[in-house]
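Throughout, read-outs are computed from the coordinates displayed, never taken from laboratory work. Here the structure is a predicted model, which means the values were calculated and not measured. Every residue, glycine among them, receives a Cβ derived from its backbone with ideal geometry; neighbour counts consider all protein chains shown.
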Amino acid sequence: MTASTVTLLCLPCAGASATMYLRWRRALPAWLRVVPVELPGRGERYAQAYAADLDTLAAQLCDRHESDLQGRFVLFGHSMGALLAYRMASRLRRQGRRLPELLIASASPAPALRDPARFDGLDHDDALIADMRKQGGTPEAVFADDELLRLALDTLAADYRLCKSHRYAAQPPLPVPIAVFAGREDDITPLQVSGWGAETSRGHTEAWFDGGHFFIRHQELAVLAVLRDLLAGLDCKANHHATALPA
């Protein structure tokens, strides 16, 4: 690894696995070391039990990826992954460990403005399927295959239980700049997006994209272009005020 290499740890959304980021390894420049993070119960960790507690999962991920959290690194998380990235950064700060140069929260309300009631009633297959279709991130092939659908439903249900368990605990702002990616047609409000600014003492930026909750997939080229620009500018002085990035 060269001195200029930046490790980009990518945390998946609820119901997803590390595979959602595999294409990024080919699409991003070589100086970015993309590390798709696998959560228990899926992919290469399929045999492991789903996580039952956000803080415990964040602690496990910090330990599992200890070698990746050295040198220059950035945490990226989409939806539930953004909440996990925030919990990981908070844990690293409490332990006096090296902090990320940037935390990127995609398609996620600020931790203080998340509403656990959003997951009420999503505890049976029909409701989960309806929610999957509404969010628009699940390929039709999954709905057409009983085995794939069963796995997707079980994983999503476990992750939604994790999300519903979230309770915000106020803490001093992180000394880490935060970039927020958001979809213009997502249910997440501008207020919930701008709320991330309260979690950092180093300023936050916002990048808005066309599309709903899965703009990260439907607008992938635009997302990666903004991501490249952000990471290429890590050595610049952090902006201490919220600004809008072009999408």
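Any idea which residue in the stretch 75-134 is nearest to L61 (Cα to Cα), counting only those that are hydroxyl-bearing (S, T, Y) and surrounded by 24 or more Cβ atoms within 10 Å (Cβ to Cβ)? Break it down into steps so the answer makes sense when it comes.
Narrowing the stretch 75-134 to residues hydroxyl-bearing (S, T, Y): 79, 86, 90, 106, 108.
Next, from what is left, pick out any that are surrounded by 24 or more Cβ atoms within 10 Å (Cβ to Cβ): 79, 86, 106, 108.
On the way: S79: 17, Y86: 12, S106: 19, S108: 19 Å.
Applying the filter and picking the extreme gives Y86.
Restricting attention to the stretch 38-63, which residues are touching a helix residue (DSSP H, G or I) at 6+ places or on another chain (Cβ under 8 Å) and assigned to a loop (DSSP other than H, G, I, E, B)?
E38, L39, P40, G41, R42, Y50, A51, A52, D53
Can we say G137 is farther than 18 Å from R161 by Cα and part of a loop (DSSP other than H, G, I, E, B)?
Details: farther than 18 Å from R161 by Cα: yes; part of a loop (DSSP other than H, G, I, E, B): yes.
When the stated conditions are applied, G137 passes them.
Please list, ordered by first then second residue, the pairs with beta carbon atoms under 7 Å, 6 or more apart or interchain, first in the stretch 88-104 and charged (D, E, K, R), second surrounded by fewer than 16 Cβ atoms within 10 Å (Cβ to Cβ).
Correct list of pairs: R91/A59; R98/Q70; E101/L234.
Given L148, L103, which one is under 24 Å from A51 (Cα atoms), more than 16 Å from the chain's Cα centre (by Cα) and either assigned to a strand (DSSP E or B) or of a type in the set (A, V, I, L, M) (or both)? Spell out how you get there, then give the answer.
On the way: L103 fails: more than 16 Å from the chain's Cα centre (by Cα).
Result: L148 is the single residue among L148, L103 that is under 24 Å from A51 (Cα atoms), more than 16 Å from the chain's Cα centre (by Cα) and either assigned to a strand (DSSP E or B) or of a type in the set (A, V, I, L, M) (or both).
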